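> Take this structure first; my questions come after.
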Amino acid sequence: MPTAGDAGTDLRWALTRLRGAIDVTAYPLALPGADEARQLGSALRAQLADYLLPRLARLDAPLLVVVGGSTGAGKSTLVNSLVQARVSSVGVLRPTTRSPVLVCSPLDSAWFRQGDLLPGLTRTTSPGDQPDTLHLVTAPALPAGLAFLDAPDIDSVVDANRALAAQLLAAADLWLFVTTAARYADAVPWELLRTARLRGTAIALVLDRVPPAAADEVTAHLAEMLAEHQLDAAPLFVLPETVVDGQGLLPGRLTEPLRSWFGRLAADSEARAAVIRQTLDGAVAALGPAVESLATAADQQANAAQALDERVRSAYRGARRCVEEALRDGRLLRGEVLARWQEFVGTGELFRTLEARVGQLRDRLVAAVTGRPAPNAQLRSAIESQLVTLLRESAATAAEQTAAAWQTHPAGAALLTSELSRPGEDLPERAERLVRDWQRGVLELVRTSGGDKRFVARSAAYAVNATGLAVMIAVFASTAFIPTGLEVAAAGGTTVAAQKVLEAIFGDQATRSLATRARAELLGMVDRLFEEEAARYLARTATAGVDAGHGDQLREAARLVDAARDGADQTAGAEAAR
């Protein structure tokens, strides 16, 4: 790491960009690993804000030693003894719920008061029990360039204490781990020691309260464990079991080796800088794998959101196909629509006349429509009812299929609500409105398509209504408006009659064009209706805040950090060579 210059500035810029990428990436969908990703993201944000960025901005700031360890290990007593003053209260009851205490030389107090380091903690000069505060204390016996931070217990039964301890350890230039002869093999401390090693954090250890008779055995075992965890290079200080003096301090002769070691570190700026560089470089290097884990989790979120959306679209594409097929195969010409159509067109004798004398149909139709009105209201109502029923059934099926598909997906099951297992409450009204709007559109289509045709002028509104209803019936037949034998059988020959009526008025090509346009308009309106229904589900994934590009953004930000780190290392190497 450089001590100053453009390389350090580039690295700060890259780390700031990485923090921004982490900030905007969320893991809202209930997927395996999402909780871990959220915790990791929170930890990385804290480390960037609490330590990396402030430390890069001031590499010459005092070295911060975070004193951490298990419950009852004697951390506060040790800190008090090292600074030769009772600056940190010793907890009698466990767990001790108090704010962390930072002890520094009076010459260094300004740096810690300004809040660049650990900016999320409110500075205070008096003891308290709020974990979001940092109690600042000065100790004249502590040399400049060195500060101790007494952290909460790493295995506290209080969640906030454990979280704060982990946050403070991530902000350490050097972690002074304190354990006892009775608890040095506990799992929690070793997990944190492993994390510190992977981050490259500088570590020193204190084995406290060691019975004299077991000192050799315990020390040897601890040394073996340190070697197994690749921590055998960390300095180890052993404090025998003893009693404190009237001020609650350990005997000076016992703490002298540790105080001397810290004294030499404080007096040697190059030694302090080496510790800072080791921890800083290790922390930056550890970002790459951690960010890749976040990027992978972000990709999984995006893929899950896409999969859920596709299940929605697939269900409503199926609903659309169901409607289209119903318009093709003649099923809508059965039942009430068929009966009303027969009443509207006339008797069987009229069907025979229409098929035998198409050439005379224009005059016959005009004479009919200018005479008495036909029962078109019942036919129009039957068409509306049939279409509305089809739309409601298709939408209900799509809603059931979507809910079932989401229920089998962990993220989808968490997003489902009871309302999403059925169509929207206002679907019946919207379906009815759609059909009525379509029917009015068909009549307008007939009116405008007739143009200056003689029948429009002579027959007025009834001719348009009658022809429009015939077009609606025709839309219920095959796409090409050429009824098949199956359709004729299903419709009792009425499709042929509808075709002959329209062909007699407009000619064959106009007939096909009207049917095609009316069907396309209906399907377009159906598409919009089902899009509105699908949007109820798509809104659930959209509002979750998943972005398909967040994984790539994280990877790019990490790549820039690596590039800046390489540049900083080269600068540091060049300076060392000079």
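The values are calculated or read from the model by the stated rules, or taken from the named source; none is laboratory data. Everything numeric in this text was worked out from a predicted model, so none of it was measured. Cβ: placed from backbone, ideal geometry, glycine included. Neighbour counts: every protein chain shown. Calculation scope for accessible area: heavy atoms of the full protein, side chains included, ligands and nucleic acids excluded. Shrake-Rupley method; radii C 1.70, N 1.55, O 1.52, S 1.80 Å.
> Among the residues of region 394-418, count how many are open to solvent by 50 Å² or more (accessible area, probe 1.4 Å), free of Cβ contacts under 8 Å to residues at least 60 places away in the same chain and assigned to a helix (DSSP H, G or I).
Qualifying residue count for the region: 4.
> Just to be sure I understand the filter: pairs with C-beta atoms under 6 Å, separated by 6 or more residues or on different chains, first member in region 189-203 and closer than 14 Å to ARG277 by Cα and without any contact (Cβ under 8 Å) to a residue 40 or more places away in the chain, second member open to solvent by less than 50 Å² (accessible area, probe 1.4 Å) and part of a helix (DSSP H, G or I). Which pairs pass?
Short answer, once both residue conditions are applied: ILE203/ALA196.
> Taking the conditions exactly as written (closer than 30 Å to VAL210 by Cα and either open to solvent by 60 Å² or more (accessible area, probe 1.4 Å) or of a type in the set (D, E, K, R) (or both)), does VAL244 satisfy them or not?
yes
Condition check ((1) assigned to a loop (DSSP other than H, G, I, E, B); (2) under 48 Å from the mean Cα position of the chain (by Cα); (3) farther than 24 Å from THR71 by Cβ) across all residues:
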residue: ALA215; (1), (2), (3): no, no, no
residue: HIS221; (1), (2), (3): no, yes, no
residue: GLN230; (1), (2), (3): yes, yes, yes
residue: SER260; (1), (2), (3): no, no, yes
residue: ALA266; (1), (2), (3): no, yes, yes
residue: GLU270; (1), (2), (3): no, yes, yes
residue: ALA286; (1), (2), (3): no, yes, yes
residue: ALA290; (1), (2), (3): no, yes, yes
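> Please work out which residue is nearest to LEU107 (Cα to Cα), limiting yourself to region 58-91 and to residues that are basic (Lys, Arg) and open to solvent by 20 Å² or more (accessible area, probe 1.4 Å).
Looking at residues that are basic (Lys, Arg) and open to solvent by 20 Å² or more (accessible area, probe 1.4 Å), I get ARG58.
> Taking the condition more than 28 Å from VAL284 (Cβ to Cβ), surrounded by 14 or more Cβ atoms within 10 Å (Cβ to Cβ), charged (D, E, K, R) and at pLDDT below 90, does ASP155 pass?
Values: more than 28 Å from VAL284 (Cβ to Cβ): yes; surrounded by 14 or more Cβ atoms within 10 Å (Cβ to Cβ): yes; charged (D, E, K, R): yes; at pLDDT below 90: yes.
So ASP155 passes the test.
> Inside region 492-578, counting only helices (runs of 4 or more DSSP H) that do not spill past its ends, which hold 3 or more residues that are in contact with a Ser or Thr (Cβ under 7 Å, 6 or more places away or on another chain), hydrophobic (A, V, I, L, M, F, W, C) and at pLDDT 90 or above?
none
> Same structure, new question: Residue check: is ALA307 open to solvent by less than 60 Å² (accessible area, probe 1.4 Å), in a helix (DSSP H, G or I), of a type outside the set (D, E, K, R) and closer than 17 Å to HIS409 by Cα?
yes
> Given the criteria among the hydrophobic types (A, V, I, L, M, F, W, C) and either at pLDDT below 90 or open to solvent by 10 Å² or more (accessible area, probe 1.4 Å) (or both), does ALA163 qualify?
Taking the combined requirement at face value, the residue satisfies it.
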